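Asks: Please find one structure pasted underneath; my questions will follow.
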Amino acid sequence: RTAGDPGGQPRLGRSRMASVTGPWLRICRVEDLDRAHPLAVEVTTPDGSTARVCVALTPDGTPSVLLDRCPHRDIALSGGIVRDGELVCPGHFWRFDTRSGARTDAPAAGATVHPSRYGALLDGVVQP
């Protein structure tokens, strides 16, 4: 599924849940995920556009799909680390909750989280 405001451009700023506008896409397998490091994935949507996302595990092991850019300096969040349920940006160490995208060290800004699903019925595949 793709995120976006009108024109298909994701919005930066406060954390939010991206809108659902298309079919589920296979982006990775749960086995590909590491608890300490998010996985960078470039997603091609059915209309041919691409988006960078990162997949991080929440504290309970559920995959969370976030827009792969920090709202501060457009730095790839996938280059960061996950610690205690927070994704830490490699640029200036802003911290985001892996479930909601909310900035935990200063709640004025947050990351965009994409709806996702996975599980046994999907053969362990994460789909945003």
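The values are calculated or read from the model by the stated rules, or taken from the named source; none is laboratory data. Since this is a predicted model, take the numbers as computed values, not measurements. When the accessible area is computed, the model is the full protein with side chains, heavy atoms only, and any ligands, DNA or RNA have been set aside. Shrake-Rupley method; radii C 1.70, N 1.55, O 1.52, S 1.80 Å.
Asks: Long-range amide H contacts for residue 102: which residues qualify at under 5 Å (H placed 1.01 Å from N, peptide plane, sequence gap of 5 or more or a different chain)?
Replies: 97, 111
Asks: To the nearest 10 square angstrom, what accessible area does residue 114 show with a 1.4 Å probe?
Replies: About 10 Å², ignoring ligands and nucleic acids.
Asks: Further question on the same structure: Amide H to amide H, which residues 5 or more places from residue 37 or on other chains are under 5 Å from it, using H placed in the peptide plane?
Replies: Placed amide hydrogens put 82 under 5 Å from residue 37.
Asks: Further, regarding this structure: Test of understanding: express the Cα radius of gyration of segment 20-116 as a ratio to 2.2 N^0.38 Å, with N the residue count.
Replies: Working: Rg = 12.6 Å, N = 97, 2.2 N^0.38 = 12.5 Å.
In units of the 2.2 N^0.38 Å rule of thumb, it is 1.01.
Asks: Take 94, 24 and sort them by solvent-accessible surface of the protein heavy atoms, 1.4 Å probe, largest at the top.
Replies: Sorted descending by solvent-accessible area, the residues read 24, 94.
Asks: For segment 69-78, just list the computed ³J(HN,Hα) in residue order, Karplus coefficients 6.51, -1.76 and 1.60, θ = phi - 60°, integers in Hz, with x standing in for Gly and Pro.
Replies: So the Karplus estimates, Gly and Pro as x, are 7, 6, x, 7, 9, 6, 7, 5, 5, 5 Hz.
Asks: Let me ask something else. Once amide H atoms are built 1.01 Å from N in the peptide plane, which residues 5 or more positions from residue 68, or in another chain, come under 5 Å H to H?
Replies: Hits under the 5 Å cutoff: 52, 53, 54.
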